[in-house]
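Below you'll find the structure, written out as structure tokens, and then a few comments.
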Amino acid sequence: MRGWIIPPPKEPTKSPEEFERERTAKVRWLVGHGYLKSERIRQALLKVPREDFIPDAYRDYAYLEVPLPLPGERATISCPHSYPLFYEPLGLDQGHCFLEVGLGSGYGAAVAREIVGPEGLVVSVEIDPLTFEFAKRNLDTAGYRDVILVKGDGGLGYPPLSPYDRISVTAACTDIPSPLIEQLVAGGRLIAPVLKDGAQLLICLEKGTKGVQRRIICEVLYVSLRGVYSS
Ligand SMILES: C[S@@+](CC[C@H](N)C(=O)[O-])C[C@H]1O[C@@H](n2cnc3c(N)ncnc32)[C@H](O)[C@@H]1O
């Protein structure tokens, strides 16, 4: 898989109405292309204004299928199809206790918050302090103040609020960090881009009573995981 071509920075010009039209069209596109199936995820993607999680210089590109740069070292907001690509195989749903490794812009955490609803919980860990502050501001402004934000190495998970029903790792690792598997409930699922033979494969892991089962979803291209389990 080749690298992404990021559009040049520019002054934002689009109105809220234009963004709303683009968001609706993008959700229709995600359904049409088979990325999006669940009604709960569809409603969440329609509700969260992705443009409000993107730096001004890239805001107008919010609904393009490219990852966009964020403050911090190699941090990006993933492209729009990444969210159903991760959340559909996870079966992320109402009431889940969800851990995200790689908060980035905060957008994925906001979408997850909408999906799990008031009975659920979203915890997100970010290693880069600049990216963390950017996401915190975005989530505060957008009204998602009950997402639990943790500054640190997400490869270690976040034991105080474990176990988790679902875990999403949004940076590529050489192998799935063992603390994350330990912090998953029995029957829980985890999704992560994993390096294999120079490529990255999106792997969905299920923790059963007789061990873990791994399923390959597709080839992907993500920034590398940093910290103790860096790739
Ligand atoms: C593709 S971006 C995440 C996109 C994000 N989910 C969003 O919706 O904007 C990957 C993020 O993982 C972060 N990251 C990398 N290694 C990490 C680690 N060990 N622990 C926590 N975050 C990490 C990067 O700084 C980056 O912000």
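The values are calculated or read from the model by the stated rules, or taken from the named source; none is laboratory data. Please read all numbers here as calculations on a predicted model, not as lab measurements. Cβ atoms come from the backbone with ideal geometry, glycine included; neighbour counts cover every protein chain shown. Side chains included, ligands, DNA and RNA excluded: accessible areas come from the protein's heavy atoms. Shrake-Rupley method; radii C 1.70, N 1.55, O 1.52, S 1.80 Å.
Couple of notes before you dig in:
- Net length gained if the chain between ILE216 and LEU64 were fully extended (0.36 nm per residue, minus Cα distance): 52.2 nm
- For the set ARG137, ARG166, ARG40, solvent exposure ranked by accessible area (probe 1.4 Å, protein chains only) runs largest to smallest as ARG137, ARG40, ARG166.
- Solvent exposure of TRP29, expressed as accessible area, is near 90 Å², computed with a probe of 1.4 Å over the protein chains only.
- A simple charge model with +1 on the Cβ of Lys and Arg, -1 on the Cβ of Asp and Glu and nothing else charged puts the dipole of the chain at about 460 debye relative to its Cα centre.
- Expressed to the nearest 5 percent, the antiparallel share of DSSP beta bridges inside the chain is 50 percent.
- Within straight-line cross-link reach of LYS207, lysines at Cα separation under 23 Å, skipping those fewer than 8 residues along the same chain: LYS196
- When the charge dipole of the chain is built from unit charges on Cβ atoms (+1 for Lys and Arg, -1 for Asp and Glu) and taken about the Cα centre, the candidate among TYR35, PRO118, GLN213 whose Cα reaches farthest toward its positive end is GLN213.
- Spread over its residues, the convex hull of the C-alpha atoms of the chain is 116 Å³ per residue.
- Computed extension gain for THR209 through ALA25, at 0.36 nm per residue and net of the alpha carbon distance, reaches 62.1 nm.
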